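Here the structure is laid out as structure tokens; the discussion comes afterwards.
The values are calculated or read from the model by the stated rules, or taken from the named source; none is laboratory data. These numbers were taken from a predicted model, which means no experiment stands behind them. Neighbour counts run over all protein chains shown; Cβ positions are idealised from the backbone, glycine included.
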Amino acid sequence: MIVDSLVRRKTDIDLGVKSLSPIANIFERLQSWEQTGGSPIGFVQLDIATEYERLRDLLAKERPDSIVHCAEQRAAPYSMKNSTTKRYTVHNNINGTHNLLCAIVETGLDIHVVHFGTMGVYGYGGLQRGSIPEGYLEVEIPDGDNGTSRKQILYPADPGSVYHMTKSLDQLLFYFYNKNDRVRVTDLHQGIVWGTNTVQTKRHPKLINRFDYDGDYGTVLNRFLMQSAIGYPLTVHGTGGQTRAFIHITDSVRCVQLALENPPNNQEKVNIFNQMTEVHKIRDLATKVAALTGAEISYLPNPRNEAAENELQVENQHLLNLGLKPTTLSEGLMTELVDVAKRFAYRCDPTRVPCTSAWLDKGRGGEEEVMSATSMIPLGALTAEL
Ligand SMILES: NC(=O)c1ccc[n+]([C@@H]2O[C@H](COP(=O)([O-])OP(=O)(O)OC[C@H]3O[C@@H](n4cnc5c(N)ncnc54)[C@H](O)[C@@H]3O)[C@@H](O)[C@H]2O)c1
């Protein structure tokens, strides 16, 4: 059963932008799934952040074994746009997660929650040494008698946006409800997702996933591949020296399956898995895409308040041990994505490609001009494509 408020579709309308791939309405999608022989999937339209009683009653009625919780506002640039989007992101994400945990406790059900978190909770400091462990850190705390005691703590959160801050706060909610009420939780600290099709969505054209390319919701590698498909220079922010963790969408889905099949028991702490398969510097990704497609690269002022360059090493042994076989960056998969982008290039509004959300306003040290929405558009190239 899918529970969704469909707010993501409304956000598209509010922003005046749409997914590059055409997204059928939810009922057509469910029907298409059944036509391919898939088991029927129920749907309930419900806002988990504001409709607590409906959520609780639904759980009591359906008595699920597991819940995959992805119902959050998920774009960092959107979360940094203005005070309205900041407050919405905090309200939606924190209340949604807390309502879910409360409802599980109030109904007395033993439900395994698998949550989509983010690698961004660890932060991307420039001076990282060693690998980022999976969620927890062993520390020694001074005990006041010149000695120390050892403790395992959540890895210190270092969020880089309001969105990432909500995922950091989610971790504490899980920690508390697990400790107090023995709620079973697996928190997947996911890297940046790329790709658009999975084995399941390829079964019917109407099951195609969203392909967000705009400056708010598009993720970096998908954006580069789409930009190259429409002859738009690749938008690298700053020096492109930011190193980030990535995962292909088929692996993301496989990881959820592995998490569901390997739940913690009631005595175990929250399972935290780093759900990523590789790390890349943004400028290296741009260079790879440029070499593959002949696209130009544009270095633009960075709208984010972040380290210009950072190194990143991440442990991901848990999911590998459970059987994940990483799908890493390959020319074949990148070309497949460029082909999808070319197929739907006619739906692209090039004025929506630049990222216009700025982390800091000018008075607080932000860039004079993040990017003008039209200065980047190579009109000649586009007219030919469109
Ligand atoms: N896409 C990525 O690169 C990425 C990376 C790391 C983590 N994640 C996390 O994975 C999850 C899924 O991401 P996605 O890219 O599929 O995002 P998405 O926006 O496509 O999916 C989130 C869904 O949740 C729904 N939703 C939001 N708030 C809700 C509420 N209060 N009640 C009910 N439904 C609500 C939206 O309508 C949407 O359908 C998110 O939690 C996101 O933070 C995504």
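The condition of being in contact with a Leu (Cβ under 8 Å, 6 or more places away or on another chain) and surrounded by 16 or more Cβ atoms within 10 Å (Cβ to Cβ) holds for only one of ARG29, ARG63, ARG56, ARG8, that being ARG29. Does TYR163 qualify as being within 14 Å of the ligand (Cβ to nearest atom), touching a helix residue (DSSP H, G or I) at 6+ places or on another chain (Cβ under 9 Å), modelled with pLDDT of 95 or more and aromatic (Phe, Trp, Tyr)? Yes.
Tell me the residue from ALA71, ALA49, ALA76 that is within 23 Å of VAL162 (Cα to Cα), at pLDDT 95 or above and touching a strand residue (DSSP E or B) at 6+ places or on another chain (Cβ under 7 Å), please. Result: ALA71 is the single residue among ALA71, ALA49, ALA76 that is within 23 Å of VAL162 (Cα to Cα), at pLDDT 95 or above and touching a strand residue (DSSP E or B) at 6+ places or on another chain (Cβ under 7 Å). Look at VAL121 and say whether it is within 16 Å of the ligand (Cβ to nearest atom) and closer than 23 Å to ARG304 by Cβ. Taking the combined requirement at face value, the residue satisfies it. Within the option set VAL114, VAL105, being more than 10 Å from the ligand (Cβ to nearest atom), surrounded by 17 or more Cβ atoms within 10 Å (Cβ to Cβ) and more than 27 Å from ALA358 (Cβ to Cβ) holds for one residue only, VAL114. Collect the residues in the range 259-277 that are in a helix (DSSP H, G or I) and within 16 Å of the ligand (Cβ to nearest atom), keeping them in residue-number order. Answer for the range 259-277, where residues must be in a helix (DSSP H, G or I) and within 16 Å of the ligand (Cβ to nearest atom): ALA259, LEU260. Scanning the range 68-84 for residues that are without any contact (Cβ under 8 Å) to a residue 60 or more places away in the chain and surrounded by 19 or more Cβ atoms within 10 Å (Cβ to Cβ) yields a single hit, HIS69. Being among the hydrophobic types (A, V, I, L, M, F, W, C), modelled with pLDDT of 95 or more, within 16 Å of the ligand (Cβ to nearest atom) and buried (at least 19 other Cβ atoms within 10 Å of the Cβ) is not true of VAL90. A single member of ASN146, ASN99 is within 16 Å of the ligand (Cβ to nearest atom) and among the polar types (S, T, N, Q), and it is ASN99. Among the residues of the range 326-351, those that are surrounded by fewer than 20 Cβ atoms within 10 Å (Cβ to Cβ), closer than 26 Å to THR85 by Cβ and in contact (Cβ under 8 Å) with a residue 40 or more places away in the chain comprise ARG347, ASP349.
Of the residues making up the range 55-77, those that are under 21 Å from VAL220 (Cα atoms) and near the ligand (Cβ under 10 Å from one of its atoms) are CYS70, GLU72, GLN73, ARG74, ALA75, ALA76. Selection of the range 18-54 for residues being within 13 Å of the ligand (Cβ to nearest atom) and of a type in the set (A, V, I, L, M, F, W, C) yields ILE23, ILE26, PHE43, VAL44, LEU46, ILE48, ALA49.
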